[in-house]
Amino acid sequence: MKTKSLFCLCLFSFALMAVLPAQFTITGSIMSGGIERTYRLYVPEIYDAQEPVPLVINLHGYGSDSQEQELYGDFRPIADTANFLVVHPDGTLDAQNLQYWNSFGLAAVDDVAFLSELIDTLSAAYSIDPDCVYSTGMSNGGFMSYELACQLSNRIAAIASVTGSMTLFGMVSCNALHPTPVMQIHGTEDATVPYEGSFGVSSIDNLVTYWVEFNNCSLTPTFTAIPDIATNDGCTAEHYVYNGGNGGSTVELYKILEGDHSWPGAIFNINTTNMDFDASTEIWRFFSQYKLDELSTVEALPSLSRSIVYPNPAHQHFTLLFQDEGDKMITVANALGETIMQLACNDASVDIQLESCGLYIISVSNGKERWMKKVVME
C-alpha cells in the first residue's frame, strides 16, 4: 500500500500554541508509546476558538508522509470555507525506513493509541467538536481509517478510504460500537490493493457488503454513473449509495472503472487518476452529514452479524469467519431452499466444501441470533 513520493517541501516549524495569522499549517509532535510522533495541522482563516469545529484526520499511504498527503489528498481549500481543522499525522518507520501505519498488527507500535492521544492534544489547544471527528486516508491510510472505525469508534463518527481496504482478521476482530458511515473509493485496476482482494485482504465488494450489513443498510444501492467530463483520464466512475442504515448511516462506493491506485481529483496525476470528481470534496460532503452522538444512540448489531465468508464466489471451498468462538449451528441450503448440509461448530472459523456449482444460502445460528449469506460456487 505504498504511495509514491511526490516532492519535497521546506516549511517553517511553529509551536502548537502559537498565534496563527490567517490560515496556517503548523508542525508539532507528541510522545506516544515512548516514541516521538509528528504531525501537521491546518487551521483555516475562518477558525474561531469560540466555535467548536470538526476535525478531519488525513492519513498518508505506505512510504509517504504527512507533507505529501496534505498536498495529494488536499482538504485545505474545502476547510477554508467549511471551517474545519485537518491534521496530517506521520506513521513510524519500517525496516526499509518507510513510514507506515500498523494497521496489520505486524508490529508493536500502537497507532490507535497515538491517534487517540493526538485528538486529545489538539482538543486541548483548539476548539474541536468531539462529535465531529472523522478519519480518511490513502491506501495504508485507508486501512488505518478502518482500524479506527473498529477500535476507536467511541471517538470516530465516520471514515472514508481511498484505495485502502480491510484485512480479513480486521473484519472479524472489528469492535465498532455504533453504526459507522463508510465511504470507499477504489479503482478496478488497482495493482497495489487489488479490487478483487488478495491474500488476507478483503475484496472491495465484500468490504462494502460487510459495512452495509453491519449498519443494516438497504442491500439495494442507488446507482449513479458519474459524468465522464475528463475524457482523457483513461477511466470512468460509478457511484453506489446504500441508504437506510441504523441511525441514518449510509455506505457509499465510488467504483473507478479502469482506475489505478490514486486519489481522484488530485492535482498530481499518479498512475491512472480519475478526474471526473474530486475525492476530497466528496469525502467532506459525506462526513458533514454525521455526528457521533447521533450515531452512538443506536445500538450496534450483535457479533454474529459481523461474520464474513470468503472467497465469494468460490471455486472449491469457502471459509466462514466469526468474531467469537462459541456453539453455532451452520446450515447450507441450495437455491430451492433445500438443506444439503448441517454442522455444529464452536470454532472461530470453519471451511465448507461443496461439490456442485450454483447459488447457496448459508445460515448460522447461536440460539440468540441468526445470520444468513448468499454464496456462489463456480
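On inspection, Leu106 qualifies as open to solvent by 10 Å² or more (accessible area, probe 1.4 Å), more than 24 Å from Asn274 (Cβ to Cβ) and without any contact (Cβ under 8 Å) to a residue 24 or more places away in the chain. Candidates are the residues of segment 124-153 that are without any contact (Cβ under 8 Å) to a residue 60 or more places away in the chain and over 11 Å from the mean Cα position of the chain (by Cα); the one that is farthest from Leu292 (Cα to Cα) is Ala124. Out of curiosity, is Ala157 in contact with a strand residue (DSSP E or B) (Cβ under 9 Å, 6 or more places away or on another chain), open to solvent by less than 40 Å² (accessible area, probe 1.4 Å) and free of Cβ contacts under 8 Å to residues at least 40 places away in the same chain? Judged against the criteria, Ala157 is not a match.
If you go through segment 268-279 one residue at a time, do you hit one that is part of a helix (DSSP H, G or I) and either buried (at least 22 other Cβ atoms within 10 Å of the Cβ) or modelled with pLDDT of 95 or more (or both)? Yes, the conditions are met somewhere in segment 268-279. When segment 219-254 is filtered for residues that are of a type outside the set (Asp, Glu), touching a helix residue (DSSP H, G or I) at 6+ places or on another chain (Cβ under 8 Å) and in contact (Cβ under 8 Å) with a residue 40 or more places away in the chain, the ones remaining, listed by number, are Gly245, Asn246, Gly247, Gly248, Ser249, Thr250, Val251, Leu253, Tyr254.
Out of Glu68, Glu117, Glu36, report the one residue that is among the acidic types (Asp, Glu) and either closer than 23 Å to Phe277 by Cα or open to solvent by less than 30 Å² (accessible area, probe 1.4 Å) (or both). Spell out how you get there, then give the answer.
Numbers: Glu117 fails: either closer than 23 Å to Phe277 by Cα or open to solvent by less than 30 Å² (accessible area, probe 1.4 Å) (or both); Glu36 fails: either closer than 23 Å to Phe277 by Cα or open to solvent by less than 30 Å² (accessible area, probe 1.4 Å) (or both).
Matching residue, one of Glu68, Glu117, Glu36: Glu68.
When segment 190-206 is filtered for residues that are open to solvent by less than 10 Å² (accessible area, probe 1.4 Å) and not β-branched (Val, Ile, Thr), the ones remaining, listed by number, are Asp190, Ser202.
The set of residues in segment 77-98 being touching a Phe, Trp or Tyr at 6+ places or on another chain (Cβ under 7 Å), more than 20 Å from Gly33 (Cα to Cα) and surrounded by 16 or more Cβ atoms within 10 Å (Cβ to Cβ) consists of Ile78, Ala79, Ala82, Leu85, Val86. Pairs are defined by a Cβ separation below 9 Å, a sequence spacing of at least 6 or placement on different chains, a first member in segment 348-360 that is under 9 Å from Met377 (Cα atoms), and a second member that is outside any strand (DSSP E or B) and open to solvent by less than 90 Å² (accessible area, probe 1.4 Å); the pairs so defined are Gly358/Ala335; Leu359/Ala335; Tyr360/Ala335; Tyr360/Leu354.
The values are calculated or read from the model by the stated rules, or taken from the named source; none is laboratory data. Source: prediction; values computed, not measured. Cβ coordinates were reconstructed from backbone atoms using ideal geometry, including for glycine residues, and neighbour counts include every protein chain displayed. To get the accessible areas, we keep the full protein, side chains included, count just its heavy atoms, and leave off ligands, DNA and RNA. Shrake-Rupley method; radii C 1.70, N 1.55, O 1.52, S 1.80 Å.
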